[in-house]
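**Student:** Before anything else, here's the structure in question.
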Amino acid sequence: MKQIYFLAALLLAATGVRAQESTDDATTRRLDSLQQVVNQLTTSVETQKQEDLNRRIWKDRAKYFNIGYVNQTLTDKTMGFDVKSDFGVFLSNGKTYYLHKKPIVGMIKFGLDWSWLDINYAKSTWETLDPDTDEAYTTPMHQAEIGMQFGPSLTINPVHHLKVSGYFRVTPSYSMLYMDETFHHHYVTMFNAGCAVAWKTISLGVEWRWGTAKYNGLSFSGLDLDDESLGDSEDPTFDDVLDQIKTADTKFKTHTMRFYVSFRF
């Protein structure tokens with residue numbers, strides 16, 4: 001009888017151990033499943049944070065508005081002299097169109113910049129000689145261009161919201177120049193190359209700009225519309241007047257350095 005009791009006790013003990021092991025295994029499995037869920041949620045949250053950061057860095061900062069200071073030199077290639085600007089300003093605005101959605105190695109993007117409007121103005125002081133007295137005198141000179149920029153760019157995002165960019169753009173422009181009662185004008189293909197450092201919405205940059213063209217001139221100095229100068233024409237035409245004010249074409253080269261603050265949005 002004692003042997004029977006002893007065997008029964010062993011059986012109950014073994015059953016209890018197996019039950020305990022089964023309970024421990026179930027608890028472990030539940031903990032593993034819970035940990036997997038936590039890991040998935042953590043990964044999902046981190047992915048969402050990174051996507052939100054990428055959106056704010058790239059998509060929400062693609063447009064730009066630039067305002068800056070102009071330091072400009074105008075070279076008269078026909079007469080062979082340089083005129084440096086006293087001061088100047090420029091405005092431009094546009095957008096960077098990135099060529100791929102995800103940054104290369106998580107930090108580099110190539111794009112195409114399109115500045116819809118680029119306005120540049122510089123005021124200089126031009127020194128010349130009075131043809132009657134041979135005395136030197138100065139006269140203000142005003143130069144302005146209006147154009148549109150387009151070209152490739154490279155942007156690097158090394159950390160958080162910090163971005164460093166470089167670009168090269170072609171800028172077809174209409175250029176105007178007024179000096180010594182003569183108005184010069186012509187189409188000019190400008191070229192722009194620059195770099196900028198941005199943190200969130202604010203960016204600081206420097207840009208080099210150059211172009212050369214042969215300008216048409218219109219001089220209003222000494223304009224004479226009497227009958228003799230117009231060939232005794234009773235009804236002078238626009239061409240008659242234009243022949244009076246046209247001057248010889250002059251070749252000018254413009255070289256500019258522009259420092260600017262940019263607002264990205």
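**Student:** With each label point set 7 Å from Cα along the Cα-Cβ vector, what nm distance links Thr212 and Lys251?
**Tutor:** Spacing of the two 7 Å Cα→Cβ label points: 0.6 nm.
**Student:** Let's test the formula: R0 of 22 Å, r as the Cβ-Cβ distance of Leu117 and Tyr69. What FRET efficiency results, to the nearest 0.05?
**Tutor:** 0.75
**Student:** Continuing with this model, one more query. Can you give me the long-range amide H partners of His161? Hydrogens built in the peptide plane at 1.01 Å from N, cutoff under 5 Å, separation of 5 or more residues or another chain.
**Tutor:** none
**Student:** Tell me, rounded to the nearest percent, the portion of alpha carbon pairs in the range 70-188 spaced more than 26 Å apart.
**Tutor:** Result: 42 percent of Cα pairs exceed 26 Å.
**Student:** Name the long-range amide H neighbours of Met141: under 5 Å, sequence gap of 5 or more, or other chain; modelled H, no Pro or chain starts.
**Tutor:** Here Ser124, Thr125, Trp126 satisfy the definition.
**Student:** First measure r as the distance between the Cβ atoms of Val170 and Tyr137, then evaluate 1/(1 + (r/R0)^6) with R0 = 30 Å and state the FRET efficiency to the nearest 0.05.
**Tutor:** 0.20
**Student:** Past 24 Å, Cα to Cα, is the threshold; run Lys63/Lys101; Lys123/Lys253; Lys95/Lys253; Lys123/Lys163; Lys123/Lys214; Lys95/Lys251 against it and keep the listed order.
**Tutor:** Lys95/Lys253; Lys123/Lys163; Lys95/Lys251
**Student:** How much FRET efficiency would the formula 1/(1 + (r/R0)^6) give for Leu91 and Arg30, where r is the Cβ-Cβ distance and R0 is 45 Å, rounded to 0.05?
**Tutor:** Rounded to the nearest 0.05, the efficiency is 0.10.
**Student:** Could you go through the range 136-142 in sequence order and give the Karplus-derived ³J(HN,Hα) for each residue, using 6.51 cos²θ - 1.76 cosθ + 1.60 with θ = phi - 60°, rounded to whole Hz, and x for Gly and Pro?
**Tutor:** For the range 136-142, the Karplus curve yields 6, 8, 10, 9, x, 10, 10 Hz.
**Student:** Under 19 Å from a label point 7 Å along Cα→Cβ of Met148: give me every residue in the range 91-118 with its amide N that close.
**Tutor:** 91-98, 112-118
Values in this text are rule-based calculations from the coordinates and carry no lab data. A quick note: this is a predicted structure, and the numbers were derived from the prediction, not measured. Cβ coordinates were reconstructed from backbone atoms using ideal geometry, including for glycine residues, and neighbour counts include every protein chain displayed.
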